[in-house]
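To start, the structure itself, in C-alpha coordinates.
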Amino acid sequence: MKKLIILFLFIFLGANQAVASVRYEGIVIPVYEIELVMSIDGIISTIFVKEGDCVRSKDKLLKLDNTLQRLEVERRKKIYYDNAEIESNKENLVIIKSLLDSARRLYEETASVSHDEVKNLEMQYHSLSGKINVAEAKKKQEHIEYEISREVLARYVLTSPINGMVTVIKREEGEWAKAGEMIVTVVDTSDCYVDFNIDEQYARTLRKGDIVSIGVSEGEGISIKKGTVVFVSSVADKASGLVKVKVEFENKSGKVIPGGLATISFK
(Lines give C-alpha, C1' and ligand atoms only; values in the text may rest on other atoms or scores of the structure.)
Protein backbone atom coordinates (compact mmCIF):
# COMPACT_ATOMS: atom_id res chain seq x y z
CA MET A 1 0.00 0.00 0.00
CA LYS A 2 2.83 2.37 0.92
CA LYS A 3 4.48 1.71 -2.45
CA LEU A 4 1.26 2.57 -4.26
CA ILE A 5 0.99 5.89 -2.38
CA ILE A 6 4.60 6.78 -3.17
CA LEU A 7 4.05 5.88 -6.84
CA PHE A 8 0.90 8.00 -6.93
CA LEU A 9 2.72 11.02 -5.40
CA PHE A 10 5.56 10.60 -7.88
CA ILE A 11 3.15 10.58 -10.82
CA PHE A 12 1.17 13.52 -9.41
CA LEU A 13 4.23 15.69 -8.77
CA GLY A 14 5.69 14.78 -12.13
CA ALA A 15 2.48 15.82 -13.90
CA ASN A 16 2.41 19.15 -12.05
CA GLN A 17 6.02 19.78 -12.93
CA ALA A 18 5.26 19.09 -16.58
CA VAL A 19 2.59 21.77 -16.74
CA ALA A 20 4.29 24.26 -14.39
CA SER A 21 5.25 27.53 -16.00
CA VAL A 22 8.30 29.76 -15.54
CA ARG A 23 7.53 33.40 -15.01
CA TYR A 24 9.74 36.43 -15.56
CA GLU A 25 9.05 39.99 -14.40
CA GLY A 26 9.83 43.39 -15.88
CA ILE A 27 8.90 47.04 -15.45
CA VAL A 28 6.43 48.79 -17.78
CA ILE A 29 8.12 51.75 -19.46
CA PRO A 30 6.56 54.24 -21.91
CA VAL A 31 8.08 54.13 -25.39
CA TYR A 32 8.22 57.92 -25.49
CA GLU A 33 9.44 59.59 -22.29
CA ILE A 34 11.29 62.70 -23.38
CA GLU A 35 13.35 64.91 -21.09
CA LEU A 36 13.44 68.36 -22.66
CA VAL A 37 16.17 70.96 -22.29
CA MET A 38 16.69 74.54 -23.40
CA SER A 39 19.37 75.16 -26.01
CA ILE A 40 20.16 78.59 -24.52
CA ASP A 41 20.40 80.11 -21.05
CA GLY A 42 17.79 82.54 -19.81
CA ILE A 43 15.20 83.59 -17.26
CA ILE A 44 11.84 81.82 -17.52
CA SER A 45 9.20 84.46 -18.19
CA THR A 46 6.15 82.23 -18.81
CA ILE A 47 5.21 78.61 -18.13
CA PHE A 48 2.21 77.64 -20.26
CA VAL A 49 1.47 74.23 -18.68
CA LYS A 50 1.47 72.45 -15.35
CA GLU A 51 2.25 68.90 -14.34
CA GLY A 52 -0.50 66.54 -15.44
CA ASP A 53 -1.54 68.62 -18.47
CA CYS A 54 -2.00 66.83 -21.78
CA VAL A 55 -0.23 68.51 -24.66
CA ARG A 56 -0.09 68.13 -28.41
CA SER A 57 3.00 68.14 -30.58
CA LYS A 58 4.31 71.72 -31.09
CA ASP A 59 2.38 73.07 -28.08
CA LYS A 60 4.30 75.70 -26.11
CA LEU A 61 5.56 74.55 -22.72
CA LEU A 62 7.53 77.56 -21.49
CA LYS A 63 9.23 80.70 -22.72
CA LEU A 64 12.37 82.56 -21.70
CA ASP A 65 12.57 86.34 -21.48
CA ASN A 66 13.30 87.29 -25.11
CA THR A 67 13.11 91.10 -24.99
CA LEU A 68 16.62 91.74 -26.29
CA GLN A 69 16.40 89.07 -28.97
CA ARG A 70 13.08 90.43 -30.25
CA LEU A 71 14.72 93.85 -30.63
CA GLU A 72 17.63 92.23 -32.45
CA VAL A 73 15.25 90.53 -34.87
CA GLU A 74 13.47 93.82 -35.51
CA ARG A 75 16.81 95.56 -36.14
CA ARG A 76 17.94 92.88 -38.58
CA LYS A 77 14.57 93.01 -40.31
CA LYS A 78 14.76 96.77 -40.88
CA ILE A 79 18.30 96.50 -42.21
CA TYR A 80 17.36 93.70 -44.59
CA TYR A 81 14.23 95.38 -45.94
CA ASP A 82 15.90 98.76 -46.37
CA ASN A 83 16.48 98.84 -50.14
CA ALA A 84 16.53 102.63 -50.56
CA GLU A 85 20.21 102.80 -51.53
CA ILE A 86 19.98 99.99 -54.06
CA GLU A 87 16.82 101.41 -55.66
CA SER A 88 18.37 104.89 -55.87
CA ASN A 89 21.55 103.54 -57.44
CA LYS A 90 19.53 101.51 -59.95
CA GLU A 91 17.61 104.62 -60.99
CA ASN A 92 20.87 106.57 -61.33
CA LEU A 93 22.33 103.69 -63.35
CA VAL A 94 19.46 103.97 -65.84
CA ILE A 95 20.16 107.71 -66.21
CA ILE A 96 23.91 107.23 -66.66
CA LYS A 97 23.29 104.44 -69.18
CA SER A 98 21.07 106.78 -71.18
CA LEU A 99 23.72 109.55 -71.06
CA LEU A 100 26.42 107.06 -72.05
CA ASP A 101 24.42 105.79 -75.03
CA SER A 102 23.76 109.37 -76.19
CA ALA A 103 27.42 110.35 -75.76
CA ARG A 104 28.59 107.32 -77.72
CA ARG A 105 26.17 108.09 -80.54
CA LEU A 106 27.23 111.75 -80.69
CA TYR A 107 30.90 110.81 -80.57
CA GLU A 108 30.52 108.29 -83.39
CA GLU A 109 28.20 110.39 -85.58
CA THR A 110 29.19 114.02 -85.07
CA ALA A 111 32.24 113.98 -82.82
CA SER A 112 30.55 116.75 -80.81
CA VAL A 113 31.43 114.83 -77.64
CA SER A 114 35.02 114.05 -76.76
CA HIS A 115 36.36 110.58 -76.26
CA ASP A 116 37.31 111.47 -72.66
CA GLU A 117 33.71 112.38 -71.87
CA VAL A 118 32.55 109.02 -73.18
CA LYS A 119 35.19 107.21 -71.12
CA ASN A 120 34.25 109.22 -68.03
CA LEU A 121 30.58 108.17 -68.41
CA GLU A 122 31.64 104.56 -68.93
CA MET A 123 33.66 104.70 -65.70
CA GLN A 124 30.68 106.15 -63.82
CA TYR A 125 28.40 103.47 -65.25
CA HIS A 126 30.70 100.55 -64.31
CA SER A 127 31.47 102.02 -60.90
CA LEU A 128 27.78 102.41 -60.05
CA SER A 129 26.99 98.97 -61.46
CA GLY A 130 29.70 97.51 -59.22
CA LYS A 131 28.25 99.29 -56.17
CA ILE A 132 24.85 97.79 -56.92
CA ASN A 133 26.33 94.28 -57.20
CA VAL A 134 28.15 94.73 -53.89
CA ALA A 135 24.99 96.04 -52.21
CA GLU A 136 22.91 93.12 -53.53
CA ALA A 137 25.53 90.64 -52.25
CA LYS A 138 25.40 92.41 -48.90
CA LYS A 139 21.60 92.03 -48.93
CA LYS A 140 22.02 88.26 -49.18
CA GLN A 141 24.26 88.35 -46.12
CA GLU A 142 21.76 90.57 -44.28
CA HIS A 143 19.00 88.10 -45.14
CA ILE A 144 21.03 85.24 -43.63
CA GLU A 145 21.69 87.29 -40.48
CA TYR A 146 18.00 88.13 -40.22
CA GLU A 147 17.04 84.44 -40.51
CA ILE A 148 19.66 83.50 -37.90
CA SER A 149 18.23 86.06 -35.48
CA ARG A 150 14.73 84.64 -36.04
CA GLU A 151 15.98 81.11 -35.44
CA VAL A 152 17.65 82.20 -32.20
CA LEU A 153 14.40 83.90 -31.12
CA ALA A 154 12.48 80.66 -31.74
CA ARG A 155 14.81 78.87 -29.31
CA TYR A 156 13.53 81.02 -26.46
CA VAL A 157 10.33 78.94 -26.57
CA LEU A 158 10.29 75.27 -25.52
CA THR A 159 7.68 73.18 -27.36
CA SER A 160 6.57 69.58 -27.00
CA PRO A 161 7.89 67.24 -29.71
CA ILE A 162 5.14 64.67 -29.09
CA ASN A 163 1.54 64.23 -27.97
CA GLY A 164 1.59 63.29 -24.31
CA MET A 165 1.38 64.38 -20.70
CA VAL A 166 3.65 66.75 -18.80
CA THR A 167 4.98 64.79 -15.82
CA VAL A 168 7.85 66.97 -14.57
CA ILE A 169 8.51 70.73 -14.49
CA LYS A 170 11.73 71.48 -12.62
CA ARG A 171 11.67 75.29 -12.69
CA GLU A 172 9.32 78.14 -11.81
CA GLU A 173 8.68 81.45 -13.56
CA GLY A 174 11.47 83.90 -12.81
CA GLU A 175 14.08 81.17 -12.29
CA TRP A 176 17.18 80.71 -14.40
CA ALA A 177 17.09 77.96 -17.01
CA LYS A 178 20.48 76.56 -17.94
CA ALA A 179 21.17 75.26 -21.43
CA GLY A 180 21.39 71.47 -21.54
CA GLU A 181 19.73 70.95 -18.15
CA MET A 182 16.54 68.86 -18.09
CA ILE A 183 13.65 71.16 -17.33
CA VAL A 184 10.43 69.45 -18.54
CA THR A 185 9.48 65.81 -19.09
CA VAL A 186 6.71 64.80 -21.50
CA VAL A 187 5.46 61.21 -21.58
CA ASP A 188 3.31 59.41 -24.13
CA THR A 189 1.86 56.29 -22.48
CA SER A 190 -0.18 55.13 -25.47
CA ASP A 191 2.62 52.71 -26.34
CA CYS A 192 4.69 50.97 -23.68
CA TYR A 193 7.37 48.32 -23.52
CA VAL A 194 8.82 45.89 -21.02
CA ASP A 195 12.41 44.66 -20.80
CA PHE A 196 12.49 41.05 -19.65
CA ASN A 197 15.65 39.17 -18.71
CA ILE A 198 14.97 35.57 -19.69
CA ASP A 199 16.87 32.29 -19.54
CA GLU A 200 18.54 31.45 -22.82
CA GLN A 201 16.47 28.30 -23.40
CA TYR A 202 13.27 30.37 -23.50
CA ALA A 203 14.77 33.39 -25.25
CA ARG A 204 15.81 31.12 -28.11
CA THR A 205 12.13 30.40 -28.81
CA LEU A 206 11.41 34.09 -29.49
CA ARG A 207 11.96 36.05 -32.69
CA LYS A 208 11.54 39.73 -33.53
CA GLY A 209 7.92 40.28 -34.58
CA ASP A 210 6.49 37.42 -32.52
CA ILE A 211 3.20 38.10 -30.72
CA VAL A 212 3.32 37.08 -27.05
CA SER A 213 0.99 37.35 -24.05
CA ILE A 214 2.10 39.37 -21.05
CA GLY A 215 0.38 40.09 -17.77
CA VAL A 216 0.19 43.74 -16.67
CA SER A 217 -1.39 45.51 -13.73
CA GLU A 218 -4.50 47.33 -14.93
CA GLY A 219 -6.51 48.91 -12.15
CA GLU A 220 -7.17 46.46 -9.34
CA GLY A 221 -6.37 43.32 -11.30
CA ILE A 222 -3.99 41.76 -13.77
CA SER A 223 -4.95 41.78 -17.43
CA ILE A 224 -3.42 39.91 -20.34
CA LYS A 225 -2.07 42.04 -23.16
CA LYS A 226 -0.85 41.02 -26.58
CA GLY A 227 2.62 42.38 -27.15
CA THR A 228 5.11 42.35 -30.00
CA VAL A 229 8.69 41.22 -29.54
CA VAL A 230 10.79 44.07 -30.91
CA PHE A 231 14.21 42.99 -29.68
CA VAL A 232 15.96 39.79 -28.65
CA SER A 233 19.56 40.27 -27.60
CA SER A 234 22.11 38.16 -29.43
CA VAL A 235 24.25 37.91 -26.30
CA ALA A 236 23.49 36.93 -22.71
CA ASP A 237 24.40 38.98 -19.67
CA LYS A 238 27.83 37.88 -18.43
CA ALA A 239 26.85 37.99 -14.77
CA SER A 240 23.42 36.38 -14.82
CA GLY A 241 23.42 34.46 -18.10
CA LEU A 242 20.00 35.95 -18.92
CA VAL A 243 19.01 37.32 -22.33
CA LYS A 244 17.29 40.70 -22.73
CA VAL A 245 13.96 40.59 -24.57
CA LYS A 246 11.95 43.75 -25.28
CA VAL A 247 8.18 43.53 -25.77
CA GLU A 248 5.99 46.47 -26.85
CA PHE A 249 2.22 46.75 -26.36
CA GLU A 250 -0.54 49.29 -26.92
CA ASN A 251 -1.95 51.26 -24.01
CA LYS A 252 -4.24 53.72 -25.76
CA SER A 253 -6.81 53.40 -22.97
CA GLY A 254 -4.19 54.60 -20.50
CA LYS A 255 -5.25 52.00 -17.93
CA VAL A 256 -1.75 50.58 -17.59
CA ILE A 257 0.42 52.92 -15.54
CA PRO A 258 4.13 52.86 -16.42
CA GLY A 259 6.35 51.83 -13.54
CA GLY A 260 4.21 48.82 -12.66
CA LEU A 261 5.20 45.19 -12.98
CA ALA A 262 4.61 43.02 -16.04
CA THR A 263 5.11 39.30 -16.38
CA ILE A 264 5.74 36.81 -19.15
CA SER A 265 5.41 33.06 -18.70
CA PHE A 266 6.86 30.01 -20.44
CA LYS A 267 5.80 26.39 -20.07
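The values are calculated or read from the model by the stated rules, or taken from the named source; none is laboratory data. The shown structure was predicted, so the numbers you read here are calculated from the model rather than taken from an experiment. All Cβ positions, even for glycine, are placed from backbone atoms using ideal geometry, and neighbour counts span all protein chains on display.
Miscellaneous remarks
- In the set (1) under 30 Å from Tyr32 (Cβ atoms); (2) outside any loop (DSSP other than H, G, I, E, B), Ile162 fails one condition alone, (2).
- In the condition set (1) hydrophobic (A, V, I, L, M, F, W, C); (2) farther than 30 Å from Ala103 by Cα; (3) in contact (Cβ under 8 Å) with a residue 40 or more places away in the chain, Ala135 is compliant with all but (2).
- Filtered residues of the stretch 52-96 (kept if hydrophobic (A, V, I, L, M, F, W, C) and touching a Leu at 6+ places or on another chain (Cβ under 9 Å)): Val55, Leu61, Leu62, Leu64, Val73, Leu93, Ile96
- Count of the stretch 41-56 residues which are over 16 Å from the mean Cα position of the chain (by Cα) and part of a loop (DSSP other than H, G, I, E, B): 7
- Only one entry of Ser149, Ser129 meets the criterion of being in contact with a Lys or Arg (Cβ under 7 Å, 6 or more places away or on another chain), outside the structural domain of Ser253 (by TED's automatic domain parsing), surrounded by 13 or more Cβ atoms within 10 Å (Cβ to Cβ) and more than 30 Å from Glu51 (Cα to Cα), and that entry is Ser149.
- Test: residue in the stretch 74-91 that is farther than 30 Å from Glu51 by Cβ, over 42 Å from the mean Cα position of the chain (by Cα) and among the polar types (S, T, N, Q): yes
- Restricting the stretch 26-74 to residues that are charged (D, E, K, R) and within 12 Å of Glu173 (Cα to Cα), the residue that is surrounded by the fewest Cβ atoms within 10 Å (Cβ to Cβ): Lys50
- Hits in the stretch 195-217 - residues which are in a strand (DSSP E or B), aliphatic (A, V, I, L, M) and buried (at least 17 other Cβ atoms within 10 Å of the Cβ): Ile198, Val212, Ile214, Val216
- Some residue of the stretch 175-191 being free of Cβ contacts under 8 Å to residues at least 40 places away in the same chain and either farther than 30 Å from Arg76 by Cβ or assigned by TED's automatic domain parsing to the domain that holds Glu35 (or both): no
- The set of residues in the stretch 57-100 that are in a loop (DSSP other than H, G, I, E, B) and in contact with a strand residue (DSSP E or B) (Cβ under 9 Å, 6 or more places away or on another chain) comprises Ser57, Lys58, Asp59, Asp65, Asn66.
- Any hit, the stretch 92-110, residues being assigned by TED's automatic domain parsing to the domain that holds Tyr146, out of contact with any Pro (no Cβ under 8 Å at 6 or more places or on another chain), loosely packed, with under 11 Cβ neighbours inside 10 Å and on the phi > 0 side of the Ramachandran plot: no
- Failed condition for Lys252, given (1) part of a strand (DSSP E or B); (2) in contact (Cβ under 8 Å) with a residue 60 or more places away in the chain; (3) of a type outside the set (A, V, I, L, M): (1)
- Looking only at the stretch 29-40, and only at residues there that are β-branched (Val, Ile, Thr) and part of a strand (DSSP E or B), the one that is nearest to Ile257 (Cα to Cα): Ile29
- Considering residues of the stretch 194-242 that are at pLDDT 95 or above and among the polar types (S, T, N, Q) only, the residue nearest to Lys255 (Cα to Cα): Ser213
- Selection count where residues are under 30 Å from Gly227 (Cα atoms) and basic (Lys, Arg), scope the stretch 169-201: 0
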